[in-house]
Ligand code: PLP
Ligand code: COI
């Protein structure tokens, strides 16, 4: 892949050598299969097409200075996919099978893992869908799990540069007792309208408020949110946000840096009290927030044109652990052999 322009990659789909698949039929998971096709054939009455029986994951593989390939907290992604499956009545894929499929997909595409220092990574997209037909609203009896990979650059094209976010009260991405805490396609469908409007108006993403009261911060379209207040790392507690593995890791790293971690409801007006703010996730890593514009109240909260000191420290620590440049005291990283 010597001719790939690693430094200028965006976050987009790219074909690689192959993907790994596994079918669930007759009440059990089959063997892993390798496919060179980027297409899936399925029944036109498949439940993923009609009733949203679809869940996905996102994780990354990192090339270290030592040339080795590492993945970050893969078991957390495997377990979150199980939680998503339980949430919309799909069969759970065993953690070991998830890991085996992800490792296989990476190994078979290892020349697509970007070189150390390029700023790019290999994004891994596991997908679980109901492929059996139903026309009554019922779960399918057949499912397909697929893992495909692609080299990517930063999710927000600015990378680790502060960008602008917006609050609109007229959209929700998930309901409090709905599917916001699991990673199912419907949440993203629900976020498209607000997300595209935000982009058209010059924002990186929407910062959602809680759907029940519109009083508290929830999360960004594709990432969790955090603010820095004095010596505290403050992040929303909510019944409708995805439990981000990046955020969970940052909470640990903030604590290790001697900070207080507050996971609680955050009234929207508290945006005025933060010295720094960020969006965090696998794709977003840490994307510093330059401003949040509350479009309904016409208030702009600003955090500066450069990443803040705490965000910078957290970012460095996280990416150094991910690529194997720093000690991994919690065993978050697995080497792909
Ligand atoms: N919130 C949403 C809605 C997401 O789609 C993601 C991405 O996976 C995240 C948060 C961040 O989660 P993680 O850090 O596990 O990637
Ligand atoms: C991720 O960070 O892995 C995501 O899934 C976010 C987005 C691409 C949907």
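The values are calculated or read from the model by the stated rules, or taken from the named source; none is laboratory data. All values reported here derive from a predicted model rather than from experimental measurement. Using ideal geometry, Cβ is built from the backbone for each residue, glycine included, and neighbour counts are taken over all protein chains shown.
Details
- Residue under evaluation residue 263, criteria (1) in a loop (DSSP other than H, G, I, E, B); (2) touching a helix residue (DSSP H, G or I) at 6+ places or on another chain (Cβ under 8 Å); (3) in contact (Cβ under 8 Å) with a residue 24 or more places away in the chain, criterion not met: (1)
- The residue list 133, 176 contains one member that is at negative phi and in contact with a helix residue (DSSP H, G or I) (Cβ under 8 Å, 6 or more places away or on another chain), which is 133.
- Filtering the range 233-260 to residues that are assigned to a strand (DSSP E or B) and either surrounded by 15 or more Cβ atoms within 10 Å (Cβ to Cβ) or not assigned by TED's automatic domain parsing to the domain that holds residue 318 (or both) leaves 233, 234, 235, 236.
- Looking only at the range 44-71, and only at residues there that are within 16 Å of ligand 1 (Cβ to nearest atom) and closer than 16 Å to residue 182 by Cα, the one that is nearest to the chain's Cα centre (by Cα): 58
- When every residue of the range 279-296 is checked against the conditions, at least one turns out to be surrounded by fewer than 14 Cβ atoms within 10 Å (Cβ to Cβ) and within 17 Å of residue 165 (Cα to Cα).
- Considered as a group, the residues in the range 211-242 that are in contact (Cβ under 8 Å) with a residue 12 or more places away in the chain and farther than 23 Å from residue 162 by Cα include one that is farthest from ligand 2 (Cβ to nearest atom), and that residue is 215.
- In the set (1) away from ligand 1 (no atom under 16 Å from the Cβ); (2) buried (at least 21 other Cβ atoms within 10 Å of the Cβ); (3) more than 20 Å from residue 157 (Cβ to Cβ), residue 266 fails one condition alone, (1).
A quick yes/no check of all residues on (1) in contact with a strand residue (DSSP E or B) (Cβ under 6 Å, 6 or more places away or on another chain); (2) exposed (fewer than 15 other Cβ atoms within 10 Å of the Cβ):
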site	(1), (2)
21	yes, no
27	no, yes
38	no, yes
51	no, no
55	yes, no
